[in-house]
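Below is one structure, written out as structure tokens, with a few remarks after it.
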């Protein structure tokens, strides 16, 4: 991905020097961590996944802060990708007449960190919290992608960030709240299907970002899209369930199958239009 001459975002909040107290409501059991690893590598709503293991929303945690680590090539890359999403979505919001794009913060953390959705944990993978409009990322996830999910590459990492930013776009557009209202009126299987549609739409919107990023700034290199598609495939519910438990339960999907995630990212990239990402009014995903 060509970002050498790109600007860095000012919306990075680096908490890697912070530490949470041991014990209390911030603790998460092994079972919860396993569930998180199976169900939510991207786009998780931690208040739903962690449930009672989390602090109640709005409760503040006191945590000591250490020295903030110096910027590295990895943090600069993250900052440049975030800036690229800011530029793309600012232009798209303007073109669509959606008003001003409100840029999210991206929080870098290690281990655990307080959020408006509860205590964020590295085991949850990257996630977006609509309560504070922030994306949370432990950079160790990128190593897990390469080593455990066989999804290396800088654009695979950029796709992760773009997917979480897409959840912010959904929040700004009111889609997140609408989906949550539908979930509350649904049984477990129907609620999971709503979650799948939310996640596949975020994959599609990440593809829309990639389309505009390349069209505006010629950022893509040979093999970049293949990296993103490989990452999307690696975190499909069917593949994660097969790896973790040896069998697949489609009714329990919350993010979509590998084929679905690949298909919707490709659709967003090829079309470049958020209107083509309406996963809620289509029969076959």
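The values are calculated or read from the model by the stated rules, or taken from the named source; none is laboratory data. These numbers come from a predicted model, not from an experiment. Ideal geometry is used to build each Cβ from the backbone, glycine not excepted, and the neighbour counts take in all protein chains shown.
Counting just the residues of segment 108-124 that are within 14 Å of the chain's Cα centre (by Cα) and closer than 22 Å to residue 76 by Cβ, which one comes out modelled with the lowest pLDDT? Here the answer is 122. All of 77, 93 fail the test of being surrounded by fewer than 19 Cβ atoms within 10 Å (Cβ to Cβ) and either touching a helix residue (DSSP H, G or I) at 6+ places or on another chain (Cβ under 8 Å) or farther than 17 Å from residue 138 by Cβ (or both), apart from 93. For residue 267, the requirement of being within 21 Å of residue 154 (Cβ to Cβ) and either touching a helix residue (DSSP H, G or I) at 6+ places or on another chain (Cβ under 8 Å) or surrounded by fewer than 22 Cβ atoms within 10 Å (Cβ to Cβ) (or both) is not met.
Filtering segment 1-33 to residues that are assigned to a loop (DSSP other than H, G, I, E, B), at pLDDT 65 or above and surrounded by 13 or more Cβ atoms within 10 Å (Cβ to Cβ) leaves 1, 2, 3, 6, 8, 9, 11, 15, 16, 17.
Scan segment 129-139 and give yes if some residue there is out of contact with any helix residue (DSSP H, G or I) (no Cβ under 6 Å at 6 or more places or on another chain) and assigned to a helix (DSSP H, G or I), otherwise no. Within segment 129-139, none of the residues are out of contact with any helix residue (DSSP H, G or I) (no Cβ under 6 Å at 6 or more places or on another chain) and assigned to a helix (DSSP H, G or I). Of all residues in segment 206-225, none are assigned to a loop (DSSP other than H, G, I, E, B), in contact with a helix residue (DSSP H, G or I) (Cβ under 8 Å, 6 or more places away or on another chain), at pLDDT below 90 and surrounded by 21 or more Cβ atoms within 10 Å (Cβ to Cβ).
Residue-by-condition table, conditions (1) over 15 Å from the mean Cα position of the chain (by Cα); (2) touching a residue at least 24 places away in the same chain (Cβ under 8 Å):
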position: 127; (1), (2): no, yes
position: 136; (1), (2): no, yes
position: 146; (1), (2): yes, no
position: 154; (1), (2): yes, yes
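Kindly provide the set of residues from segment 146-165 that are part of a helix (DSSP H, G or I) and in contact with a helix residue (DSSP H, G or I) (Cβ under 6 Å, 6 or more places away or on another chain), ordered by number. Matches in segment 146-165: 155, 156, 157, 158, 159, 161, 162, 163, 165.
Entry remark, segment 229-243: residues being outside any loop (DSSP other than H, G, I, E, B), closer than 19 Å to residue 127 by Cβ and in contact with a helix residue (DSSP H, G or I) (Cβ under 7 Å, 6 or more places away or on another chain) number 3 in total.
If you go through segment 229-264 and pick out every residue that is surrounded by fewer than 17 Cβ atoms within 10 Å (Cβ to Cβ) and closer than 20 Å to residue 180 by Cα, you end up with 2.
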